Each structure stands twice: as C-alpha cells, then as structure tokens.
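The values are calculated or read from the model by the stated rules, or taken from the named source; none is laboratory data. Remember, predicted model here, so these are calculated numbers, not experimental data. Please note: Cβ atoms are built from the backbone with ideal geometry, for glycine as well, and neighbour counts cover all protein chains shown. Ligands, DNA and RNA are stripped out before the accessible areas are found, and what is left, the full protein with its side chains, is counted by its heavy atoms. Shrake-Rupley method; radii C 1.70, N 1.55, O 1.52, S 1.80 Å.
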Amino acid sequence: QVQLVESGGGLVQAGGSLRLSCAASRRTFNMYAMGWFRQAPGKEREFVAAISWDSRVTNYADSVMGRFTISRDNAKITVYLQMNSLKSEDTAVYYCAAERTGLASTRYTTYDYWGQGTQVTVSS
C-alpha cells in the first residue's frame, strides 16, 4: 500500500504559477510511474501529466503542454507539478496517482493508488 499526499494548491490569478507536490509514504514509490489528473465540477477526471519511474518518459495533455512540467525526486519520494501561465480553465481538484507498471500512462484506470486531491483555483 502506498499513501499519497498532495500539497501546494491554492488561489492564483490567471497568468500566475503554482507548484504542486505529492509525497509518497514508501520507498517502493521509486519503482512506480506517477501521474497527475484533475477534475473540475461537473466534468470527468482528466489526465494532466505523467512521468515514468526513472524520469526518462514524460507525457502531457495537449491542454497543458508547454505550461506544466512534471518531475520527481526519488530521494525525497516526491513528485512535482510546476504549473505556469495558469488559465481559468485549469481550475480543478488535482490528484496525484501511482502506477506499479512504472510506465507513464495517460489512462486513469491503470493507476493503483490515489491521493485525496488539492484544489487549484485560477481567477480571471
């Protein structure tokens, strides 16, 4: 079992930046791929970004490409999502997730463990 705890969400103006963090509870995290997903009110959960266990592969949703960057620090068993040039449509609850295959999957059904989420609100 891996527990994931997100932090770093908040209220920011459009054009601003936030960095989300997701801390894992176990060192086995280092063999898992990690992903970020988000869910806005009334919408389905959608893929944002993912990173393979060794950081060699990253994937991004088209809507965040060039604005968001996913990274991980295995020594700190933490994954990050740097979000720049934020837009009002980025407003959502952001979830981090861990996948045992180690691949940077874009599908939420392949992820095994989920955090509780952190709210990001972008004001226009």
Qualifying position, being free of Cβ contacts under 8 Å to residues at least 40 places away in the same chain, touching a helix residue (DSSP H, G or I) at 6+ places or on another chain (Cβ under 8 Å) and either open to solvent by 60 Å² or more (accessible area, probe 1.4 Å) or among the hydrophobic types (A, V, I, L, M, F, W, C) (or both), among Val120, Val64: Val64
Filter result (hydroxyl-bearing (Ser, Thr, Tyr), open to solvent by 50 Å² or more (accessible area, probe 1.4 Å) and in a strand (DSSP E or B)) within the stretch 1-54: Ser7
Residues located in the stretch 88-101, provided they are surrounded by 15 or more Cβ atoms within 10 Å (Cβ to Cβ) and either in contact with a strand residue (DSSP E or B) (Cβ under 6 Å, 6 or more places away or on another chain) or closer than 23 Å to Ser17 by Cβ (or both): Asp90, Thr91, Ala92, Val93, Tyr94, Tyr95, Cys96, Ala97, Ala98, Glu99
Members of the stretch 4-31 found to be hydroxyl-bearing (Ser, Thr, Tyr) and either within 18 Å of Ser63 (Cα to Cα) or at pLDDT 95 or above (or both), listed by number: Ser7, Ser17, Ser21
Which numbered condition Ala104 misses (of (1) surrounded by fewer than 16 Cβ atoms within 10 Å (Cβ to Cβ); (2) under 12 Å from the mean Cα position of the chain (by Cα)): (1)
Ser71 being without any contact (Cβ under 8 Å) to a residue 24 or more places away in the chain, farther than 23 Å from Gly10 by Cα and either crowded, with 19+ Cβ neighbours inside 10 Å or in contact with a strand residue (DSSP E or B) (Cβ under 9 Å, 6 or more places away or on another chain) (or both): no
